[in-house]
Amino acid sequence: QEKKRLSYEQKLEITEHSFAKKILEIAIEKRSNLIASADFITTQELLNFADIVGPHIVALKTHIDILNDFDADETILPLKDLAAKHNFLLMEDRKFADIGNTQELQFSYGTFKISNWADLITSHVIGGSKSLDCFVNAGIVAILGMSSEGTLTDSHYREEALKIIENHPNIVGCVAQNKVPDNILLFTPGVNLGTSGDGKGQQYNSPEHVIKNYNTDFIIVGRGIYKADDPELEALRYKTEGWQAYQDAL
Ligand code: 5BU
């Protein structure tokens, strides 16, 4: 018999990291494995979207540096309120890729002061294990493999990256397009029900495909939801498909 995937309850028992526990608890409570990527350039759109899809998601993924009108008081305070109101985590997709000292500065200083508000942050592991020590009081989602055509995250890179990911205490999970060991939460972007690519290198699969084939824990959906005519309805569709595929795989 084929080995079944672990349930979110089972993962909750084996995980050590507090932010891993949090996202698993939200998944169980909401019966959702959906992360919405909110790639907006205005605060108003970002906040509207967060309020609409908030009840259906486990986390909202941001690229805070693409906002034209970022303001700590006008953007982050209401965003934190919405995260509390709807019980989702804030995941900043910063993709750090530098030495530890620089990442420490980028994490806590400058315009965005990410460490003040992000629950999860994404980081490459290209700077080596020690470069990740600076990310305290947040959970790292480490990038193992990218979804884009021609990515350099080949099997050798991923093999070496996985050694870092498996052994670093600040890491809660990784972004990848393949299976990973059970103790690492798997986040998979490049998920869309309507199209197989965006003409700019992005490659898409369905929620069912990634959950059944890679044992993905959390699907990350951007344009599939925020470009839809009715984003809430579309979020519900991805949520339902994602949860159904998870239950089928148990
Ligand atoms: P899309 O609109 O669903 O294509 O958006 C995908 C989001 O996930 C977008 O914010 C990307 O920056 C992010 N992403 C990705 O698409 N692929 C990757 O490998 C990584 C991040 Br890492």
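The values are calculated or read from the model by the stated rules, or taken from the named source; none is laboratory data. Here the structure is a predicted model, which means the values were calculated and not measured. Note: ideal-geometry Cβ built from the backbone for every residue, glycine included; neighbour counts use all protein chains shown.
Things worth noting here:
- Any chance I57 is at pLDDT 95 or above and either in contact with a strand residue (DSSP E or B) (Cβ under 7 Å, 6 or more places away or on another chain) or small (G, A, S) (or both): yes
- Scope the range 1-27; condition acidic (D, E) and either farther than 14 Å from N87 by Cα or within 15 Å of the chain's Cα centre (by Cα) (or both); matching residues: E2, E9, E13, E16
- Close pairs (8 angstrom Cβ cut-off, 6 or more residues apart or separate chains): within 20 Å of R5 (Cβ to Cβ) in the range 180-197, small (G, A, S) and away from the ligand (no atom under 14 Å from the Cβ) anywhere: L185/A20
- Strands (runs of 3 or more DSSP E) completely within the range 1-118 that count 1 or more residues being in contact with a helix residue (DSSP H, G or I) (Cβ under 7 Å, 6 or more places away or on another chain) and of a type in the set (F, W, Y): 89-96
- Only strands (runs of 3 or more DSSP E) whose full extent lies in the range 167-250 are considered here, and the ones with at least 3 residues that are within 11 Å of the ligand (Cβ to nearest atom) are 218-221.
- Test result for L34, touching a residue at least 12 places away in the same chain (Cβ under 8 Å), closer than 14 Å to L90 by Cβ and within 16 Å of the ligand (Cβ to nearest atom): no
- Scanning the range 57-77 for residues that are among the hydrophobic types (A, V, I, L, M, F, W, C) and in contact with an Asp or Glu (Cβ under 8 Å, 6 or more places away or on another chain) turns up A59, I64, I66.
- Filtering the range 216-249 to residues that are free of Cβ contacts under 8 Å to residues at least 24 places away in the same chain, of a type in the set (A, V, I, L, M, F, W, C) and within 21 Å of S196 (Cβ to Cβ) leaves only A228.
- Matching residues, the range 128-178, being surrounded by 20 or more Cβ atoms within 10 Å (Cβ to Cβ), farther than 22 Å from A59 by Cα and small (G, A, S): S131, A161
- Members of the range 121-161 that are aromatic (F, W, Y) and assigned to a loop (DSSP other than H, G, I, E, B): F135
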